[in-house]
Amino acid sequence: MNWKEKALKILEDSLNPIATELNELDWKSGLSCKTERLAQHICAFSNMKGGGLLVFGVNDDASLFSVTKEESAEIIKTLGNIAKNNLSSSITIEHWTTEYKGHALLFIHIPEQVDKPTYLRGKEIWDSYTRSAGQTVKMSRSQIKSLIA
């Protein structure tokens, strides 16, 4: 199964039977202006087994809406720059726009990195993030040591 097929399955799993964000997927209603928080999300997914996904076009209440071509272009550009410039190592992200239940959604795939942990550029290795209970959280020292070992 390629990442696009997996993305649709994970999205479906997150919306049914009870809508909830999963560790592998973060719903996004728009592009935040908080660059550091976006870098934390990318960092977290890159440290996870199998990587993760951001999906634009899903509100916090799990309702869907269409992302425009212009919005998609801006999101892709911004996240690509963050993945390249704001982490301890440059990450290549992938994107895909598809129609889902009548709405144009933008998926951003952040692949798992071989050399872990990925952390925020200009900070220490202890500024690494992961996903827990559908949230991006700072890794504990023991989690970081475990990744290094």
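Cross-link candidates for LYS77: which lysines have Cα within less than 27 Å, leaving aside residues fewer than 8 places away along the same chain? Filter leaves LYS4, LYS6, LYS9, LYS28, LYS34, LYS49, LYS69, LYS101, LYS116, LYS123, LYS138.
Residues whose amide H lies under 5 Å from that of GLU112, counting only those 5 or more places away or on a different chain, are GLY50, GLY51, GLY52; hydrogens are built 1.01 Å from N in the peptide plane. What the phi angles of segment 36-47 give under the Karplus curve with 6.51, -1.76 and 1.60, with θ = phi - 60°, is a coupling list of 5, 5, 5, 4, 5, 4, 4, 4, 4, 5, 5, 8 Hz, glycine and proline written as x. Think of each Lys and Arg Cβ as +1 and each Asp and Glu Cβ as -1; about the Cα centre, that makes the dipole of segment 1-63 roughly 240 debye. Amide H contacts of SER132: VAL137, each under 5 Å away and 5 or more positions distant or on a separate chain (H built 1.01 Å from N in the peptide plane; Pro and chain starts excluded). Surface composition of the chain: carbon and sulfur make up 50 percent of the accessible area, probe 1.4 Å. Extending 7 Å from Cα along the Cβ direction at ALA19 and again at CYS33 yields two label points whose distance is 2.7 nm. Averaged over its residues, the chain has an accessible area of 53 Å² per residue, based on protein heavy atoms and a 1.4 Å probe. Converting phi to 3J(HN,Hα) with the Karplus coefficients 6.51, -1.76 and 1.60 and the offset θ = phi - 60°, segment 134-149 yields x, 10, 8, 9, 5, 6, 6, 4, 5, 5, 5, 4, 5, 5, 6, 5 Hz in sequence order, with x at every glycine or proline.
Placing +1 on each Lys and Arg Cβ and -1 on each Asp and Glu Cβ, with no other charges, gives the chain a dipole about its Cα centre of roughly 500 debye.
On the basis of the beta-carbon distance and an R0 of 22 Å, SER132 and PHE65 show a calculated FRET efficiency of 0.20.
Roughly speaking, what is the centre-to-centre gap between segment 74-104 and segment 28-62 when only Cα atoms are used, to the nearest Å? Distance between centres, Cα-based: 9 Å.
The GluC sites (Glu not before Pro) found in segment 1-95 include none that occupy coil by DSSP while having at most 10 further C-beta atoms within 10 Å.
Compute the Cα gyration tensor for segment 50-149, then decide on rounded, prolate or oblate, letting a ≥ b ≥ c be the square roots of its eigenvalues: rounded whenever a/c is under 1.5, prolate when a/b is larger than b/c in the other cases, and oblate in all that remain.
On the way: a/c = 2.65, a/b = 1.82, b/c = 1.46.
Prolate.
Karplus-derived 3J(HN,Hα) values for segment 72-77, using 6.51 cos²θ - 1.76 cosθ + 1.60 with θ = phi - 60°, are 4, 4, 5, 4, 4, 4 Hz; glycine and proline are entered as x.
Stretching the chain fully between LYS77 and LEU8 yields a gain of 22.6 nm (0.36 nm per residue, less the alpha carbon separation).
If you plug the beta carbon distance of SER90 and LYS49 into 1/(1 + (r/R0)^6) with R0 = 25 Å, you get a FRET efficiency near 0.75.
The values are calculated or read from the model by the stated rules, or taken from the named source; none is laboratory data. Everything quoted here is computed from the prediction, not taken from an experiment. Glycine gets a Cβ as well: all are built from the backbone with ideal geometry, and neighbour counts include every protein chain shown. Each accessible area value is taken on the protein alone, full model and side chains, heavy atoms only, with ligands, DNA and RNA left out. Shrake-Rupley method; radii C 1.70, N 1.55, O 1.52, S 1.80 Å.
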